[in-house]
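The values are calculated or read from the model by the stated rules, or taken from the named source; none is laboratory data. A quick note: this is a predicted structure, and the numbers were derived from the prediction, not measured. Here the Cβ is made from the backbone with ideal geometry for all residues, glycine too, and neighbour counts use every protein chain on show.
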Amino acid sequence: MQLGEVARKHHTQLRGPAGELRYEEAFTRDGFDGPYSLLYHRRRPHTVRLHAVPHGWKAPRPAPAEVAGRALAKRHYRSGELATAPSAGGAQIDARVPLLFNDDIIMGVVFPTVADPVFIADGDADQLLYIHRGGGTLHSMLGDVHFAQGDYVYVPRGLIHRFAPTTTTAQHWLWMSLTGGVHVPKQWRNEVGQLRMDAPYSHRDFKRPEWNGDVADDGTRDLVVRRAGVWHGFRYGDADAPFDLVGWDGSVYPWAFPILNFQPRVSSVHLPPTWHGTFAAKGALICSFVPRPLDFAPDAIPCPYPHSSTHCDEWIFYCDGSFTSRKGVGPGSISHHPMGVPHGPHPGSYEGSIGATHTTELAVMADTAGPLQATAAALGIEDAAYQDSFV
């Protein structure tokens, strides 16, 4: 896509009304081999100085004593309980709470109450959030992305941005930090990368950046950059606000995707979770379960069948509706079923689903190739009775 002014040809001069030269910045992925965008600045974009900035969420660490002897078991975490923790609230850059993680993904929740006070660039991973409650605006150099309850929000690795939640409603966001990037699953793309006509969503379903032209400068000059799990601080000069673009074009930009724009598949018999695959990442498949008709074969069993997942962990963030296969979970619950342990519906759910014609469930799920570890924060909100509730 293209917004604002760009040069006639890349790497050639673009000048302003008075003849002033614009500065082109190449925003690339995979070195110079992958997708990219070209950004045109009023000023040089690389003039920051080192400066200590006390912001940035803490890298996840397991609680050694508790985790070392922890049994292999199905787990349930009540993420909503963290909303009343003393550390809840504030800016999302500081208030994120990691809950489960491996080398490919960190997932957690956050309950922001104010806008980010600094500019942010994550040099470690792409960010994918799900807005369980609330809404707001993602401000970036490439434009504003407005998001609402039920939206996924994507921030490319390295993009300078800030989040500004609305202050009129409570916020509860699920977030994922994905080191291997985020992309559309290959089964939904044709050979030139376009979404297939049988994909569960179309290009029109995404909320793209809206060009904000001359952005009002509120005087913020501090930038934090995450690299190797550590936050590093920088400061722009007084005359060097980073949101100074006159235009850009390319294929790398932030967006939002309303989960209810996902078009569910319906079959005569139960379909596996891959049919609900929405976004893919290195070591993870993110799925959307949305309200839909259920299986229509006369003898179908709509409830998910018990299964032994020998090569992936599974977590589900329960959003809203009635959850057919689970008891004791509610909005904001997170179930974690590790590889090596057979899992499935709660007692009575399998049989009780026979004859059901539709479901109102809304949930975000991820299968991860690597085993997930829990943080101390996760242990503090765990439902200890969950494993035995399947007996």
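Would you say residue 204 is farther than 29 Å from residue 46 by Cα and buried (at least 17 other Cβ atoms within 10 Å of the Cβ)?
Details: farther than 29 Å from residue 46 by Cα: yes; buried (at least 17 other Cβ atoms within 10 Å of the Cβ): no.
Judged against the criteria, residue 204 is not a match.
If only one of 366, 356, 376 is in contact (Cβ under 8 Å) with a residue 40 or more places away in the chain and out of contact with any Pro (no Cβ under 8 Å at 6 or more places or on another chain), which one is it? Show your work before the answer.
On the way: 356 fails: out of contact with any Pro (no Cβ under 8 Å at 6 or more places or on another chain); 376 fails: out of contact with any Pro (no Cβ under 8 Å at 6 or more places or on another chain).
Only one candidate passes the filter, namely 366.
Take residues that are hydrophobic (A, V, I, L, M, F, W, C) and tell me which of the strands (runs of 3 or more DSSP E) falling wholly in the stretch 109-194 contain 3 or more. Let's see the steps before the verdict.
Numbers: elements: 119-122, 126-133, 135-140, 143-148, 151-155, 161-165, 172-178.
In the stretch 109-194, the matching strands (runs of 3 or more DSSP E) lie at 119-122, 126-133, 143-148, 172-178.
Looking at (1) surrounded by fewer than 18 Cβ atoms within 10 Å (Cβ to Cβ); (2) touching a strand residue (DSSP E or B) at 6+ places or on another chain (Cβ under 7 Å); (3) of a type outside the set (Asp, Glu), find the lone condition where residue 90 falls short.
(2)
Can you name every residue in the stretch 117-140 that is out of contact with any Asp or Glu (no Cβ under 8 Å at 6 or more places or on another chain) and closer than 22 Å to residue 48 by Cα? Give the derivation first.
Taking the stretch 117-140 first, the residues out of contact with any Asp or Glu (no Cβ under 8 Å at 6 or more places or on another chain) are 120-129, 132-134, 136, 139-140.
Answer for the stretch 117-140, where residues must be out of contact with any Asp or Glu (no Cβ under 8 Å at 6 or more places or on another chain) and closer than 22 Å to residue 48 by Cα: 120, 121, 122, 123, 124, 125, 139, 140.
Are there strands (runs of 3 or more DSSP E) fully within the stretch 1-41 with at least 2 residues that are closer than 25 Å to residue 182 by Cβ, in contact with a helix residue (DSSP H, G or I) (Cβ under 8 Å, 6 or more places away or on another chain) and at pLDDT 95 or above? List them. Lay out the reasoning, then the answer.
Details: elements: 2-4, 23-28, 36-41.
Here the list is empty.
Scan the stretch 353-362 and give yes if some residue there is assigned to a strand (DSSP E or B), crowded, with 21+ Cβ neighbours inside 10 Å, at pLDDT below 95 and not assigned by TED's automatic domain parsing to the domain that holds residue 182, otherwise no.
Yes; the residues of the stretch 353-362 include at least one that is assigned to a strand (DSSP E or B), crowded, with 21+ Cβ neighbours inside 10 Å, at pLDDT below 95 and not assigned by TED's automatic domain parsing to the domain that holds residue 182.
Out of the stretch 343-352, which residues are surrounded by 11 or more Cβ atoms within 10 Å (Cβ to Cβ) and either in contact with a strand residue (DSSP E or B) (Cβ under 9 Å, 6 or more places away or on another chain) or part of a loop (DSSP other than H, G, I, E, B) (or both)?
To start, the set of residues in the stretch 343-352 that are surrounded by 11 or more Cβ atoms within 10 Å (Cβ to Cβ) comprises 343-347, 349-350, 352.
Scanning the stretch 343-352 gives 343, 344, 345, 346, 347.
I need the full set of residues from the stretch 195-230 which are within 24 Å of residue 94 (Cα to Cα), of a type in the set (Asp, Glu) and either assigned to a loop (DSSP other than H, G, I, E, B) or modelled with pLDDT under 95 (or both), in order please.
217, 218
In the stretch 66-84, is there at least one residue being in contact with a strand residue (DSSP E or B) (Cβ under 7 Å, 6 or more places away or on another chain), of a type in the set (Gly, Ala, Ser) and in a loop (DSSP other than H, G, I, E, B)?
Scanning the stretch 66-84 turns up no residue that is in contact with a strand residue (DSSP E or B) (Cβ under 7 Å, 6 or more places away or on another chain), of a type in the set (Gly, Ala, Ser) and in a loop (DSSP other than H, G, I, E, B).
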